[in-house]
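One structure is given here, and the rest of the page talks about it.
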Ligand code: E4P
């Protein structure tokens, strides 16, 4: 699995690339805003054009950089995508344009603008990263429209499910969806025990049973990781060339579970990548090996270096 860094902060991109484990960069308007704010706090004004140019240059040819459009109509999105691509792709030939899967809102309607834009850009040879994907169905449509990448938002899917369940959580908390499923299975079992005389069809239509089956998931999706797993399965089954970027990642354990799904890429903030490295026993071991090396006189061997 490739690892992309999910940030627009140049210092983070440079640092993570220096570790030798970064295969690409993803940004979005909120991440650009965070980068601008951080520079302002340091008393510096960002010239966004040269800042983005520097991101592309730092990433270099082998690492794709996702830059997002801002409009909601297909024609505008295509114009913005071409603008981004023509302006920044010549720097290192690595620009991918992020298009939302749908720009539908209750006020505006129009579900399909994202799909039209993806399709037009595909025909023009501009690579796309389809963003804000929350279901396998959306991923399927994005792939059919010709997306180069799809980005299911694992963390935001978990947030949605947890919020619906009334679970309090901090942004980076691991979501134990298996525990939730287990709780619902137990409660369903209790209900079934109390209704053994009823016929199957009565049980099937019983709203309490429906509630217990349906709660803890969103249209059959029980977590962000589960959503990614289903997309991986679907794309494999139909040999779809669209690559999957698991996005909106909140903690190291989630990265591991995403890697186990077989997705192509995981994009994570630098804090999560750091968290992947740490373990108290590793820290303890480093200290112990060093002090034992000194005690054994082994450290003397390296003195001349
Ligand atoms: C990356 O492509 C996404 O824009 C990003 O992962 C969203 O993450 P968030 O849900 O933490 O904002």
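Listing for the model above:
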{"quantity": "Criterion: touching a strand residue (DSSP E or B) at 6+ places or on another chain (Cβ under 9 Å) and within 16 Å of the ligand (Cβ to nearest atom) - qualifying residue of 26, 58", "calculated": "26"}
{"quantity": "Lone unmet requirement of (1) assigned to a helix (DSSP H, G or I); (2) surrounded by fewer than 22 Cβ atoms within 10 Å (Cβ to Cβ); (3) more than 16 Å from the ligand (Cβ to nearest atom) for residue 71", "calculated": "(1)"}
{"quantity": "Filtered residues of segment 101-116 (kept if within 16 Å of the ligand (Cβ to nearest atom), surrounded by fewer than 23 Cβ atoms within 10 Å (Cβ to Cβ) and under 11 Å from residue 77 (Cβ atoms))", "calculated": "103"}
{"quantity": "Any hit, segment 193-209, residues being more than 15 Å from the ligand (Cβ to nearest atom), surrounded by fewer than 15 Cβ atoms within 10 Å (Cβ to Cβ) and modelled with pLDDT of 85 or more", "calculated": "no"}
{"quantity": "Search result, residues across segment 233-264 that are in a helix (DSSP H, G or I), more than 19 Å from residue 170 (Cα to Cα) and in contact with a strand residue (DSSP E or B) (Cβ under 6 Å, 6 or more places away or on another chain)", "calculated": "258"}
{"quantity": "Considering residues of segment 212-250 that are over 27 Å from residue 25 (Cβ atoms), surrounded by 19 or more Cβ atoms within 10 Å (Cβ to Cβ) and without any contact (Cβ under 8 Å) to a residue 60 or more places away in the chain only, the residue nearest to the ligand (Cβ to nearest atom)", "calculated": "216"}
{"quantity": "Number of positions in segment 88-107 that are at pLDDT below 95 and within 23 Å of residue 150 (Cβ to Cβ)", "calculated": "4"}
{"quantity": "Members of segment 11-23 found to be at negative phi and either away from the ligand (no atom under 16 Å from the Cβ) or part of a loop (DSSP other than H, G, I, E, B) (or both), listed by number", "calculated": "11, 14, 15, 17, 18, 19, 21, 22, 23"}
{"quantity": "One residue from 62, 54, 39 being surrounded by fewer than 19 Cβ atoms within 10 Å (Cβ to Cβ) and modelled with pLDDT under 95", "calculated": "39"}
{"quantity": "Segment 160-173, subset assigned to a helix (DSSP H, G or I) and surrounded by fewer than 18 Cβ atoms within 10 Å (Cβ to Cβ), residue nearest to the ligand (Cβ to nearest atom)", "calculated": "160"}
{"quantity": "Sole residue being away from the ligand (no atom under 16 Å from the Cβ), over 20 Å from residue 148 (Cα atoms) and assigned by TED's automatic domain parsing to the domain that holds residue 7, chosen from 85, 51", "calculated": "51"}
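Here's the yes/no breakdown for (1) within 16 Å of the ligand (Cβ to nearest atom); (2) in a helix (DSSP H, G or I); (3) farther than 28 Å from residue 60 by Cβ; (4) out of contact with any helix residue (DSSP H, G or I) (no Cβ under 8 Å at 6 or more places or on another chain):
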| residue | (1), (2), (3), (4) |
| --- | --- |
| 91 | no, yes, no, no |
| 96 | yes, no, no, yes |
| 118 | yes, yes, no, no |
| 125 | no, no, no, yes |
| 138 | yes, yes, yes, yes |
| 151 | yes, no, no, yes |
| 158 | yes, yes, yes, no |
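The values are calculated or read from the model by the stated rules, or taken from the named source; none is laboratory data. Owing to the predicted nature of the structure, the values given are computational and were not obtained by experimental measurement. Cβ atoms come from the backbone with ideal geometry, glycine included; neighbour counts cover every protein chain shown.
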